[in-house]
Amino acid sequence: MTRFLPALMLLVLAACDGWPESPRPPPPAPPPDGAVPRGDAARRAALASPAPPVDAALLAEGAARYAIFCTPCHGATGRGDGVVVTRGHPPIAPLPPDPERTMAAIAANLAGAHPVADRLDARQRWAVARHVATLRAP
Ligand code: HEC
């Protein structure tokens with residue numbers, strides 16, 4: 001009998017036709033009306049365009065954050081004439097006024113020169129981006 005066991009096993013296995021297809025789970029239900037996003041969802045919503053509205057307070061906050069985090073390289077007016085350039089850093093191009101590019105540069109730590117994503121919350125990033133948009137560097 002043991003001589004035929006392997007052959008028997010092969011026969012049994014050959015009869016296997018795989019597992020039957022499981023039914024697909026239903027898609028997740030959408031959030032109910034009035035739900036307030038939290039955690040990651042809240043962060044993504046805060047970073048999404050076009051929040052928040054531009055007003056004097058936002059621009060003032062942006063100017064202050066820009067002076068702290070950006071002037072050393074980009075200069076006070078965004079021309080790329082910050083102090084690092086006067087001390088040997090290769091020239092830096094003038095800042096583009098598009099707020100989305102500022103948001104992207106911070107989010108992606110562009111060129112390893114923008115490691116400030118954890119120091120500027122969503123509102124502050126928008127504030128800096130709006131401030132940069134007012135610079136109109138040549
Ligand atoms: C350590 C120097 C340094 C600091 C500080 C710095 N940047 Fe930059 N930034 C650069 C360099 C260098 C480039 C050019 C990168 C390249 O050539 O790809 C650049 C490019 C950019 C660009 C252009 C992105 C594009 O789409 O071309 C934006 C916008 C920008 N920086 C915004 C900022 C803002 C806002 C801050 C302050 C929160 C900041 N940077 C702080 C060095 C710096």
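The values are calculated or read from the model by the stated rules, or taken from the named source; none is laboratory data. Bear in mind that the values here come from a model prediction, so they are computed numbers and not experimental data. Here the Cβ positions follow ideal geometry from the backbone for every residue, glycine too, while neighbour counts run over all protein chains shown.
A count restricted to the stretch 10-39 and to residues that are in a helix (DSSP H, G or I) and at pLDDT 80 or above stands at 1. Within the stretch 21-58, the residues that satisfy the criterion of being farther than 12 Å from GLN124 by Cβ and either in contact with a Lys or Arg (Cβ under 7 Å, 6 or more places away or on another chain) or surrounded by 12 or more Cβ atoms within 10 Å (Cβ to Cβ) (or both) are PRO37, ALA41, ALA42, ARG43, ALA45, VAL54. Checking each residue in the stretch 55-86 for being under 21 Å from the mean Cα position of the chain (by Cα) and of a type in the set (A, V, I, L, M) picks out only LEU58. Which of the residues belonging to the stretch 40-66 are over 22 Å from GLY78 (Cα atoms), among the small types (Gly, Ala, Ser) and part of a helix (DSSP H, G or I)? Result: ALA41, ALA42, ALA45, ALA46. Checking ALA105, ALA67, ALA14 one by one, the residue that is without any contact (Cβ under 8 Å) to a residue 12 or more places away in the chain and either charged (D, E, K, R) or loosely packed, with under 10 Cβ neighbours inside 10 Å (or both) is ALA14 and no other.
Look at the stretch 18-31: where a residue is free of Cβ contacts under 8 Å to residues at least 40 places away in the same chain, no partner that is in a loop (DSSP other than H, G, I, E, B) and surrounded by fewer than 10 Cβ atoms within 10 Å (Cβ to Cβ) sits 6+ places away or on another chain with Cβ atoms under 7 Å. When every residue of the stretch 48-67 is checked against the conditions, at least one turns out to be out of contact with any Gly (no Cβ under 7 Å at 6 or more places or on another chain), near the ligand (Cβ under 9 Å from one of its atoms) and of a type in the set (Ser, Thr, Tyr). Scanning the stretch 88-122 for residues that are more than 7 Å from the ligand (Cβ to nearest atom), under 13 Å from the mean Cα position of the chain (by Cα) and of a type in the set (Gly, Ala, Ser) yields a total of 4.
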